[in-house]
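The structure appears right after this line, and notes come after that.
The values are calculated or read from the model by the stated rules, or taken from the named source; none is laboratory data. As the structure is a prediction and not an experimental result, all values here were calculated from the model. Because the Cβ atoms are built from the backbone with ideal geometry, glycine has one as well, and the counts that use them run over all protein chains shown.
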Amino acid sequence: MPKISPEDIVRRKQIEHTKITVLTAYDFPFARLVDQAGIDIVLVGDSVGMVCLGYESTTQVTMDEMMHHVKAARRAVKHALLVADMPYHSYTTASLTLKNAKRFTKSGGADAVKLEGGKKIKAQIKTLIDSGIPVMGHLGMLPQSVKAIGGYKVQGRKKGEADQMMEDALLLEKLGAFSIVLECVPLALTKKMSRVLKIPTIGIGAGPYADGQVLVLHDLLGIRSTPKPLRFARAYAHLEEEIIQAVREYREDVLTGKFPTFDESFE
Ligand code: KIV
């Protein structure tokens, strides 16, 4: 299978009219499986902080931690577009943004980076795109700003908020972003933005009108990533129960001498 490029992602909306599939993955085995299953974009999200590192929020994740996971995913992903999420405080100025994004793309091997925000980070996004680094935007509920917005809440319900989000989205498109994640956005606003924008919208908690969908892999697999699963985080498997059951069986077999057998041993 050929490798997917940012241009392919845009073409999917503009010419092929097919939905875009995105999942997070943070390590070699899961990135390999997601890639093999034919997902278009593998996102090494800063959600890794809550899903894999046990942090309370994504704001604690560092560049070094992200690099560790981006490199692991890079070794596995052969077909999908690999996007690295820029962690909190890694894109406060245009020069810092460029330095960190180059780390992701040059030594990490990422194909693109994702940043949260619109007008406020215009200079950072422009610098990246002018330097040839493909950018995925992220609007709506921004997990890195969760304290400032007063919790994990739907964004864009008020007219002023919705207008600002649309303005930010059009700015990202004008600057050259190849897609925009819309997180926790009302259905009607997602519909309007997806109609108006030429680049694809990728929804999470933004309803069916987005041009693509993204989920956190562990939510999809039924491995709890947050204390209370959000309504949009549909579980397609229930691995948490299966894993606990498998580990219990192994423990029981060791305690009762059923594991290992002589067939599982060497003369
Ligand atoms: O970090 C992440 O996993 C994300 C997705 C939820 C879009 O930003």
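Out of curiosity, is Lys147 within 16 Å of the ligand (Cβ to nearest atom), part of a loop (DSSP other than H, G, I, E, B) and in the same structural domain as Leu98 (by TED's automatic domain parsing)? Criteria not met by Lys147.
Each residue in the range 24-50 was checked for being more than 9 Å from the ligand (Cβ to nearest atom) and either of a type in the set (A, V, I, L, M, F, W, C) or outside the structural domain of Ala84 (by TED's automatic domain parsing) (or both), and 10 of them qualify. For the range 220-233, residues that are assigned to a loop (DSSP other than H, G, I, E, B) and either surrounded by 13 or more Cβ atoms within 10 Å (Cβ to Cβ) or outside the structural domain of Tyr209 (by TED's automatic domain parsing) (or both) total 9. When Ser107 is tested against the conditions (1) within 15 Å of the ligand (Cβ to nearest atom); (2) touching a residue at least 40 places away in the same chain (Cβ under 8 Å), the lone failure is (1). Taking the listed residues Thr97, Thr59, Thr92, the one that is of a type in the set (Val, Ile, Thr), over 17 Å from Ala177 (Cα atoms) and touching a Phe, Trp or Tyr at 6+ places or on another chain (Cβ under 6 Å) is Thr59, with no other qualifying.
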